[in-house]
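Asker: Input: one structure, supplied below.
Each value in this text was obtained by applying a stated rule to the coordinates, not by laboratory testing. Computed from a predicted structure; not experimentally measured. Ideal geometry is used to build each Cβ from the backbone, glycine not excepted, and the neighbour counts take in all protein chains shown.
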């Protein structure tokens, strides 16, 4: 039980964790299954999204254990929450790097970074998971199992092995996407100067739609862990007076990160187009009620289409 909270409040936090994690598990499982079932989705950019979704899915799966108390399941939950959460936000940095190198640097060699990405993500996640293990700091952490925070050392470990790399990823993603958006804005402005009025309006509308989608990506990490960061800082200042509502926001937003990632990164135009094509093949036309929901997608709209074109060549 979390010090300063009632047993009922602690159980409520466990329920929030399990419920939000179940939603994330469902969303990420959908993206993973799409990658496995549909070969035409297995481009390099979507492969990064697959590993991001896989990390979120496995992390959510262990979070759905709730509060296992002490024992093997508790340690398994603690290790996996640390490892897969870190892997998740590190995979977002590889997507940001890939997009930046393609759009800003105009390089088509990003597939050559595949093995480096794996070493970087899984290696860093493993190191950040092992460090608390050295001091046997995993165990019951209130309403779930993670790095224990009863001691000052445990609280520092949470910051050093989780929140420090997390906010490093947030800053990297923010700067990277800012540069990508600025580059595309400049390209749109230059194209407008050389285009006729009609083409200018269409292209600008398409580009702005893509820019708006890209701008959401860094906000997912910020939105998922801002309350958690505030809660940890508050825990240093007032260790014996926890705020229940802050804990609710903390665990709720963090556990929903997988769902947010699956919607923003995974359910893009390529996935929707592939699903529509498969449904059109197996479902009678008169029963295609989903047609109104699946819009006819222009390739330029897709958030990763420009990237895929550059990778695959003309």
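Asker: Fully extended, how many nm does the chain gain between residue 280 and residue 8 (0.36 nm per residue separation, minus their Cα-Cα distance)?
Answerer: Values: separation 272, 0.36 × 272 = 97.92 nm, distance 4.96 nm.
Full extension of this stretch gives 93.0 nm more.
Asker: Going 7 Å from the Cα of residue 185 in the Cα-to-Cβ direction, what parts of region 92-121 have a backbone nitrogen less than 16 Å from that spot?
Answerer: Taking a point 7 Å out along Cα→Cβ of residue 185, the residues of region 92-121 whose backbone N falls under 16 Å are 104.
Asker: While we're on this one: Mind giving me the nanometre distance, one decimal, between the label points for residue 38 and residue 175, set 7 Å out from Cα along Cα→Cβ?
Answerer: Between residue 38 and residue 175, the label points sit 3.5 nm apart.
Asker: Arranged by the count of other C-beta atoms within 10 angstrom, fewest first, what order do 117, 89, 25 take?
Answerer: Ranked by crowding around the Cβ, least crowded first: 117, 25, 89.
Asker: Using the basic label-point model (7 angstrom from Cα toward the beta carbon), what is the residue 131 to residue 118 distance in nanometres?
Answerer: Taking the two extended label points, one gets 2.5 nm.
Asker: Can you put 224, 81 in order of Cβ neighbours within 10 angstrom, beginning with the fewest?
Answerer: By the 10 Å Cβ count, ascending, the order reads 224, 81.
Asker: For region 7-267, how big is Rg over Rh, using alpha carbon atoms and the Kirkwood form of Rh?
Answerer: On the Cα set of region 7-267, Rg over Rh gives 1.03.
Asker: Which FRET efficiency value, to the nearest 0.05, do you get for residue 267 and residue 151 by plugging their Cβ-Cβ distance into 1/(1 + (r/R0)^6) with R0 = 45 Å?
Answerer: 0.60
Asker: Alpha carbon centre of region 1-16 versus region 229-285: separation in Å?
Answerer: 22
Asker: Still on this structure, I have one more. Just need the relative contact order of region 34-168 here, percent rounded to a whole number, with Cα pairs under 8 Å and 6+ apart. The partial results should precede the final answer.
Answerer: Details: 136 pairs, mean separation 36.9, N = 135.
After rounding, I find 27 percent.
Asker: Next question, about the same structure. Once all Cα-Cα distances of region 11-114 are split into 5 Å bins that start at 0, what whole-number percent is in each one?
Answerer: 2, 13, 18, 18, 17, 12, 9, 6, 3, 2, 0
Asker: In nm, what is the difference between 0.36 nm times the number of residues separating residue 230 and residue 109 and their Cα-Cα distance?
Answerer: Result for the pair: 39.6 nm of gain on full extension.
Asker: With label points built 7 Å along Cα→Cβ from the Cα atoms of residue 243 and residue 73, find their separation and express it in nm.
Answerer: A separation of 3.3 nm, rounded to one decimal place.
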